[in-house]
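Report on the structure given below.
Only the coordinates and a few stated rules stand behind these numbers; no lab work does. On a predicted model such as this, the values are computed, not experimentally measured, just so you know. Reconstructed Cβ throughout: ideal geometry from the backbone, glycine too, with neighbour counts over all protein chains shown.
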Amino acid sequence: MEGWRGAWYVPCLASLETLQELCRKENLTCKSIGITNRSLKSYEVEYLCDYKVEEGKAYYLVKWKGWPESSNTWEPRKHLNCPLLIQNFLRDKNEYLSRGRGGKAMKLRNHVKTLKPAIADYVVKKAKQRIALQRWKEELNRKKNHKAMILVENTVDLEGPPLDFYYINEYKPAPGINVLNGITTGCECADCPAEKCCPKEAGFILAYNKRKKLKIQPGLPIYECNSYCRCGPDCPNRIVQKGTPYSLCIFRTNNGRGWGVKTLQKIKTNSFVMEYVGEVITSEEAERRGQFYDNQGNTYLFDLDYDSDEFTVDAARYGNVSHFVNHSCDPNLQVFNVFIDNLDLRLPRIALFSTRTIKAGEELTFDYQMKGSIDLTSDSAEGLSPSKKSIRTVCKCGAMCCRGYLN
């Protein structure tokens, strides 16, 4: 169109590999996605799809990175310089075979010259899952705003990343809701906590001791120094606002509870672990969404009821690592209300602190029936929702003191 100098920019939902495949299929170049005349015919093994033996030689069916599956080729073992991918292929193959024998290891016999289609299909699905989970891990670590790492692990089934979940670091308010409201000044302390530090101004004691560990009882609020305070980032009253200090792993549970979260580092008692974030909506909107979630069997509604029940946090689509934390009747995390750059008692931030020492590799859990939480279920709901009080959802936490039901 003559005279038109504007342009429309539409985000592309296709992966980089898909775009590369299309370019190679149509013999097109595109520097922005790495397809040049030189790289148009380059080959890199993405994963191995199948195996066979011909005339005493082993061959692997190769999926080439950035090429469509129609371009897969059989290559002799000696031509492949990808030991890790071969190792993954053999492990996945043996895993499939061992499942057929109740977990006992089993290897292909020497005279077997081809894989059964079911085995090859499983190996390909595992390879695609591994790639998808790696991409998800990279995405999570790009979006997080804390230094600690987020890992992803699934050694249980073929489930990949959740399709409708978006990582955020702080509350995502619905239109008309202001989650940054009420702060115009901060403390004048040169060395917190002083006599007029933020907690004392609010009528409460400092929440942390000299080792930056929680010293208050559950139910009491935490008032941290804010962006208007004179103190610097090393202030002992700035804990929650710095984000989780621990590397965590989102993992697939082996007892039907869906995804869970475990710590990769030892966590001492009364330490801050993570915030619970999501969309901040009105309780009326939460009621409406809750009816919809009931039909799906999953809901992540968390009532902000410190002062009133006017607002709710919905972490179903938008959230952070806490979205994947499971319930336990004997939890190792406790909920606390936190106020930093917002003193509106209707809109506290939700922080999870350790109730005891948590070993590296241990799953993190909190009690969904703690004060302040409602209608919180994960994949363990199995098609039910606690908001339907006439239907009881079986609890799978496995604790000695398990109440038997989530609601």
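Projected onto the charge dipole of the chain (+1 at Lys/Arg Cβ, -1 at Asp/Glu Cβ, origin at the Cα centre), which of A351, S42, S32 gives the Cα projection farthest towards the positive end?
Farthest towards the positive end: S42.
Can you compute the modelled spin-label distance between S247 and D309, with each label point 7 Å from Cα toward Cβ, in nm?
The modelled label-to-label distance comes out at 4.3 nm.
Go through P221, L84, I340 and say which Cα lies farthest out towards the positive end of the charge dipole of the chain; charges sit on Cβ, +1 for Lys and Arg, -1 for Asp and Glu.
About the Cα centre, the residue reaching furthest to the positive side is L84.
In nm, to one decimal, how far is the R38 label point from the E287 one, both placed 7 Å along Cα→Cβ?
About 6.5 nm separates the two model spin labels.
Could I have the simple spin-label model distance between N141 and L220, label points 7 Å from Cα toward Cβ, reported in nm to one decimal?
3.9
Rounded to the nearest 0.05, what FRET efficiency do Q265 and L90 give with R0 = 30 Å and r taken as the Cβ-Cβ distance? Could you check? Intermediate results must be reported in sequence, preceding the final value.
Values: r = 32 Å, r/R0 = 1.06.
The calculated FRET efficiency here is 0.40.
Taking H as built 1.01 Å from N, whose amide H comes closer than 5 Å to the amide H of L151, not counting residues under 5 places away?
So L151 has HN proximity to L248, C249, I250.
Determine the sum of side-chain charges near N88: Lys and Arg each +1, Asp and Glu each -1, restricted to other residues whose C-beta is under 13 angstrom from that of N88.
Working: positive: K63, R91, K93, K125, K126, K128, R130; negative: E46, D92, E95.
Every neighbour counted, the sum reads +4.
Normalised by the number of residues in the chain, what is the relative contact order in percent for Cα pairs under 8 Å and 6+ residues apart?
Relative contact order comes out at 13 percent.
Sorting check: for 218-224, 155-161, which peptide has the highest mean count of neighbouring beta carbons within 10 Å, and how do the rest follow? Write down the numbers at each step before the final one.
Numbers: 218-224: 18.9, 155-161: 12.7.
Descending packing order for the listed peptides: 218-224, 155-161.
Can you work out the Karplus-derived ³J(HN,Hα) for every residue in the range 214-227? Use 6.51 cos²θ - 1.76 cosθ + 1.60 with θ = phi - 60°, whole Hz, and x for glycine or proline.
Couplings: 5, 10, 9, 7, x, x, 8, x, 10, 10, 9, 5, 10, 5 Hz.
Do the sum for the chain: with -39,500 (n - 2.57) for every DSSP H run of n ≥ 4, divided by all residues, what is the mean residue ellipticity at 222 nm, to the nearest 500 deg cm²/dmol?
-6000 deg cm²/dmol
What number comes out for the charge environment of N332, summing +1 per Lys or Arg and -1 per Asp or Glu over other residues with Cβ under 9 Å away? Write down the numbers at each step before the final one.
Numbers: positive: R356; negative: D330, E362, E363.
Spelling it out: positives minus negatives among the neighbours equals -2.
Which entry in (1) 28.2; (2) 34.6; (3) 26.7 matches mean projected area of the Cα convex hull in nm² derived from the coordinates of this structure?
(1)
Please state the charge dipole magnitude for the chain, taken about the Cα centre, from unit charges on C-beta atoms (+1 on K and R, -1 on D and E), reported in debye and rounded to the nearest 20.
The calculated dipole for the chain is roughly 2180 debye.
Pairs of alpha-carbon atoms within less than 8 angstrom and 6+ residues apart define the contacts here; what relative contact order does the range 147-366 have, in percent?
27
Using a 10 angstrom cutoff on alpha carbons, build the Gaussian network for the chain and name the most mobile of N226, N37, N72.
Evaluated over the chain, the most mobile residue of the options is N37.
Could you give the dipole magnitude of the range 120-250 about its Cα centre, charging the beta-carbon of Lys and Arg +1 and that of Asp and Glu -1, in debye to the nearest 20?
Here the range 120-250 has a charge dipole of around 360 debye.
So, R0 is 25 Å and r is the distance between the beta-carbons of R356 and K212; what FRET efficiency does that work out to, to 0.05?
0.90
Which shape class applies to the range 147-366: rounded if a/c is under 1.5, otherwise prolate when a/b exceeds b/c and oblate if not, where a ≥ b ≥ c are the square roots of the Cα gyration tensor eigenvalues?
oblate
Summing +1 for each Lys or Arg and -1 for each Asp or Glu, what net charge is found among the other residues whose Cβ lies under 14 Å from the Cβ of H146?
Result for the neighbourhood of H146: +4.
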